[in-house]
1. Please give the contour-minus-distance gain from SER132 to GLN84: 0.36 nm per residue of separation, less the Cα-Cα distance, rounded to one decimal in nm.
2. Amide H neighbours of ASP168 under 5 Å, counting only residues 5+ apart in sequence or on other chains, H built in-plane at 1.01 Å?
3. Please arrange ASP183, ASP199 by counting, for each residue, the other beta carbons lying within 10 Å of its beta carbon, fewest first.
4. Please list 3J(HN,Hα) in residue order for region 184-190, calculated via the Karplus relation 6.51 cos²θ - 1.76 cosθ + 1.60 where θ = phi - 60°; whole Hz, with x for glycine and proline.
5. Convert each backbone phi in region 166-183 into a coupling constant with the Karplus relation 6.51 cos²θ - 1.76 cosθ + 1.60 (shift: θ = phi - 60°), then list the ³J(HN,Hα) values in order as whole Hz, x for Gly and Pro.
Amino acid sequence: MRHTATALGLIAVLAAGSTTAAAQTDGQGYFEEGDDVVDITTWAYDDLYAGGWRAEWALGSDVYGPEGEEIGELEDIIIGPEGQILSIVAEVGGFWDIGDSHISVPWDEVQVSDDFDRFQIPVTEENVEQYSAHEARLTATEAAGEVALVDDVAAGVRAWRARELIGDYAYLEDRVGYGYVDDLIFREGRLESVVIRPDVGYGDAGYYAYPYHGYDYGWHPGYDYYQLPYTEEEAADLEPFEYDELG
């Protein structure tokens, strides 16, 4: 669900995204010859199954304070250009005197449980202002209504939200319609894979996890689709991804 800037009171992005609008409509911005694309015939799920976790496990989950007390809810995961997790966005403090507050907590300050469904952060009523959206260099643009962390305001380079990509439509090479982004798989602090649920044209085909290649490799904040650098034949050879095998 996309939140308005008014509802979050922070939020949204300084967009370098004006350049992406043309790419959405003219089909440019796809993979070019020579791009470092993972060979899907050698791509295996073993590492994902061994240490991967789903964005779905995190989004909407409870977050806990330094003493283990429940203090709020995790709203989004902020991801950098190469797929690294930069921070989480959470709503906290509804029971504090300050009321609800939307904060951004750097990923290296987040403690995650072994099963990736419990997120503990060093935020208290006394220090919550240190993690405010303003301090985290989040800028509000009412027209955008997006949440994202600005890495370099001067250069216009920005990170993006997990919720920006989940639910987008995915295409194969030659603009062949394929399906929808169902989830994101993280491992060791970075986005490793994008899971696609093929649409009805592919029958009851389950889910398929594809390598995430990084910023501008088939996707950029502001795109309303996800481009895969594989043919229909390559996609047909990929084994179904089993969520139950994670962890």
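1. On the way: separation 48, 0.36 × 48 = 17.28 nm, distance 2.12 nm.
Here the answer is 15.2 nm.
2. It is VAL181, by chain and number.
3. On the way: ASP183 22, ASP199 14.
Listed from fewest to most nearby Cβ atoms, that is ASP199, ASP183.
4. Those phi angles translate into 10, 10, 9, 7, 6, x, 9 Hz.
5. Values, residue by residue: 4, x, 5, 7, 10, 10, 8, 4, 6, 6, 7, x, 10, x, 10, 6, 8, 6 Hz.
Each value in this text was obtained by applying a stated rule to the coordinates, not by laboratory testing. Note that the structure is predicted; figures quoted are calculated from it, not measured. Glycine gets a Cβ as well: all are built from the backbone with ideal geometry, and neighbour counts include every protein chain shown.
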